[in-house]
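See below for the structure under consideration.
The values are calculated or read from the model by the stated rules, or taken from the named source; none is laboratory data. Keep in mind it's a predicted model, so treat the numbers as computed, not measured. Here the Cβ positions follow ideal geometry from the backbone for every residue, glycine too, while neighbour counts run over all protein chains shown. With ligands, DNA and RNA removed, areas are computed over all heavy atoms of the protein, side chains included. Shrake-Rupley method; radii C 1.70, N 1.55, O 1.52, S 1.80 Å.
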Amino acid sequence: GKYWMYFGDTDLFMATSDDLIKWEPVEENGTFKSVLKPRKGFFDSRLVESGPYALVTEKGILLLYNGMNSDTDGDESLPKGAYCSGQALFSLSDPTLLIDRLDNYFLRPDQPYEMEGQINQVCFIEGLVPFNGKWFLYYGTADSKIGVAELSIN
């Protein structure tokens, strides 16, 4: 009976709506409840940001998100400040409850148009579309171009 939205750009938070127009943030102790935080030593050590809409699956709510690597305590195999894409799984019965999270990214800048541009080292996922038996994941590259990754649904 409610709509849920993940939002934020350092931590991720939640909001609910009855009509998709008016939104109420989920609060805990008088502040926005953080549902996903950056992690030291990982690709998402500086910040996490929501990507495309979340997907309801049999195992939970799958959220694809963007993470930024810290300059000081991030993933040392990545350039400082690199934007990569991660996956988090939240509970179906409580969309604020994180069940699991990949330790590694599934998309990272590795092409020239992703590594150099207005902002270097960026793959920033934004749109997800199922079409003709495939998923199309649209993402920004180095804040200069748009890319698309595809995956067969089969």
Of the listed residues (34, 45), the one being of a type outside the set (Phe, Trp, Tyr), farther than 17 Å from residue 91 by Cβ, open to solvent by less than 40 Å² (accessible area, probe 1.4 Å) and over 10 Å from the mean Cα position of the chain (by Cα) is 45
Over the stretch 100-154, the set of residues open to solvent by 40 Å² or more (accessible area, probe 1.4 Å), among the hydrophobic types (A, V, I, L, M, F, W, C) and closer than 21 Å to residue 41 by Cβ is 102, 106
Counted residues in the stretch 48-60 being open to solvent by less than 20 Å² (accessible area, probe 1.4 Å) and assigned to a strand (DSSP E or B) come to 2
Expected single match for touching a residue at least 40 places away in the same chain (Cβ under 8 Å), within 24 Å of residue 143 (Cβ to Cβ), in contact with a strand residue (DSSP E or B) (Cβ under 6 Å, 6 or more places away or on another chain) and aromatic (Phe, Trp, Tyr) among 65, 113 is 65
Per the filter on the stretch 82-94, residues assigned to a loop (DSSP other than H, G, I, E, B) and buried (at least 21 other Cβ atoms within 10 Å of the Cβ) are 82
Counted residues in the stretch 90-144 being of a type in the set (Ser, Thr, Tyr) and more than 18 Å from residue 12 (Cα to Cα) come to 6
- Residue match in the stretch 70-81 (condition: in a strand (DSSP E or B) and open to solvent by 20 Å² or more (accessible area, probe 1.4 Å)): no
